[in-house]
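Visitor: Please see the structure below; I have some questions.
The values are calculated or read from the model by the stated rules, or taken from the named source; none is laboratory data. Given the structure is predicted, the values throughout are model-derived calculations rather than measurements. Methodologically, a virtual Cβ is constructed for each residue, glycine included, from the backbone with ideal geometry; neighbour enumeration extends over all protein chains shown.
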Amino acid sequence: MVAQLRQPNFGAVYQVKDSIVNYQKEAIPKLIELLKDTSFVKLKNTADLIYPGAEKFYGHGWIVNYDIDWISVRAAWLLEEITFQNFGYRDLTISEDKLMNLHKQNYTSYLQTGNHDIDFKDKTPRQQLIIYRLMLADSVSKWWYKNKSTWTRFGAIKEALTSVDEQRQGLALQYLRFDKTMCDGLTLENYKDEIKPLVQKIKHSKNVEAEQATYLLDDNEYYWFKSKKSSH
């Protein structure tokens, strides 16, 4: 299924997306390996999919905020949906500050010398993007090495909801409200005891995800949870 993510036909990619996500923890290392694939494979048969590489806009459609003509970004798209992390693959802008931060986080040579040796300014925009994404891939690999022994998807939801990163909050709330993929450990009882108080805090925070939090809390019949159960 991971190999099928490399297909140019969007139908083939979409066909395996949720199946891969359902593997949860088991899928993560396989997707991290795919982050190192710098191939550009233009998607075909995207119908009314709205994404950065879309060549036509039909005025409506399903929005994917990832440049998924790139194989590494397809893997990151699924990784961020599984983990509710913000690994940096949505933001297409590259700045010197971002590069330096990645070096500080991940490169022992930076810690030893205090500078980085990538001559970034002489690269084409496409080369810059590839280098940057390979650096992101290295950062994700280190994140997984640190967290793999204790990581669960249920724990990841709670971590995202308590994060100050509104993108992570949004991923978790979108999952709870609409997504049908599996999350081991997510029961209605655990939702009420452990997750609902975190959603209430977001609602009262008045940040950009407060409205989504309110919609979830207003579902007093827990239709969102019933729809998840009925899909498995």
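Visitor: Looking only at helices (runs of 4 or more DSSP H) that lie completely in the range 1-89, which have at least 3 residues being over 27 Å from Gln127 (Cα atoms) and more than 13 Å from the chain's Cα centre (by Cα)?
Guide: 10-22
Visitor: Scan the range 26-44 and tell me whether some residue there is surrounded by fewer than 19 Cβ atoms within 10 Å (Cβ to Cβ), in contact with a strand residue (DSSP E or B) (Cβ under 6 Å, 6 or more places away or on another chain) and touching a residue at least 12 places away in the same chain (Cβ under 8 Å).
Guide: Yes, the range 26-44 has at least one match.
Visitor: State whether one or more residues within the range 132-150 are of a type in the set (Asp, Glu) and either modelled with pLDDT of 95 or more or on the phi > 0 side of the Ramachandran plot (or both).
Guide: The answer is no; no qualifying residue exists.
Visitor: Still on this model: Any residue in the range 221-231 that is among the charged types (D, E, K, R), touching a Phe, Trp or Tyr at 6+ places or on another chain (Cβ under 6 Å), within 26 Å of Tyr14 (Cβ to Cβ) and outside the structural domain of Ile20 (by TED's automatic domain parsing)?
Guide: no
Visitor: Modelled with pLDDT under 85 and either of a type outside the set (Gly, Ala, Ser) or surrounded by fewer than 16 Cβ atoms within 10 Å (Cβ to Cβ) (or both): is that true of Phe154 in this structure?
Guide: No, not satisfied.
Visitor: Scanning for something in contact (Cβ under 8 Å) with a residue 40 or more places away in the chain and aromatic (Phe, Trp, Tyr), does the range 147-167 turn up at least one residue?
Guide: The answer is yes, given that some residue of the range 147-167 is in contact (Cβ under 8 Å) with a residue 40 or more places away in the chain and aromatic (Phe, Trp, Tyr).
Visitor: Here's a follow-up. Can you tell me which of (1) without any contact (Cβ under 8 Å) to a residue 60 or more places away in the chain; (2) surrounded by 15 or more Cβ atoms within 10 Å (Cβ to Cβ); (3) of a type in the set (A, V, I, L, M) is the one Ala172 doesn't meet?
Guide: (1)
Visitor: Checking Ile202 against (1) modelled with pLDDT of 95 or more; (2) surrounded by fewer than 18 Cβ atoms within 10 Å (Cβ to Cβ), which single condition isn't satisfied?
Guide: Of the numbered conditions (1) modelled with pLDDT of 95 or more; (2) surrounded by fewer than 18 Cβ atoms within 10 Å (Cβ to Cβ), the odd one out for Ile202 is (2).
Visitor: Here's something else I'd like to know. I'm trying to understand the selection: among the residues of the range 117-170, which are among the charged types (D, E, K, R) and either in a helix (DSSP H, G or I) or in contact with a strand residue (DSSP E or B) (Cβ under 7 Å, 6 or more places away or on another chain) (or both)?
Guide: Scanning the range 117-170 gives Lys121, Asp122, Arg126, Arg133, Asp138, Lys142, Lys146, Arg153, Lys158, Glu159, Glu166, Arg168.
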